[in-house]
Amino acid sequence: MDKIMSTRMDETVIQRIGLLAKKLGTSKKAVIENAVRDFAAKVEAEQGVDVLAQTFGSWQRDESAAETVASNKNVMRKSQERYKR
């Protein structure tokens with residue numbers, strides 16, 4: 001799903017995006033998306049940055065998924081018992 005992004009840019013950059021889009025027979029959106037992808041790839045290659053490796057770390061945990069579920073169920077059960085009394 002596409003999201004809307006608003007930004008202020010130098011007028012010459014906007015004109016250049018328009019000219020590139022017209023010359024390539026594509027949309028301005030495609031020109032900007034491709035430029036960002038290419039720039040990101042260049043930066044990642046130069047700096048040895050791996051975006052996926054940085055984001056996959058959020059899924060690493062010390063316990064198994066089953067242990068996490070059991071812990072959450074236990075907390076929920078205790079909170080429900082507290083209101084029964």
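The figures follow:
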{"quantity": "Identity of the residue in the stretch 36-49, modelled with pLDDT under 90 and surrounded by 10 or more Cβ atoms within 10 Å (Cβ to Cβ), that ends up farthest from residue 7 (Cα to Cα)", "calculated": "49"}
{"quantity": "Enumeration of residues in the stretch 2-35 that are under 26 Å from residue 49 (Cβ atoms) and open to solvent by 90 Å² or more (accessible area, probe 1.4 Å)", "calculated": "2, 3, 5, 29"}
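The values are calculated or read from the model by the stated rules, or taken from the named source; none is laboratory data. Given the structure is predicted, the values throughout are model-derived calculations rather than measurements. Reconstructed Cβ throughout: ideal geometry from the backbone, glycine too, with neighbour counts over all protein chains shown. When the accessible area is computed, the model is the full protein with side chains, heavy atoms only, and any ligands, DNA or RNA have been set aside. Shrake-Rupley method; radii C 1.70, N 1.55, O 1.52, S 1.80 Å.
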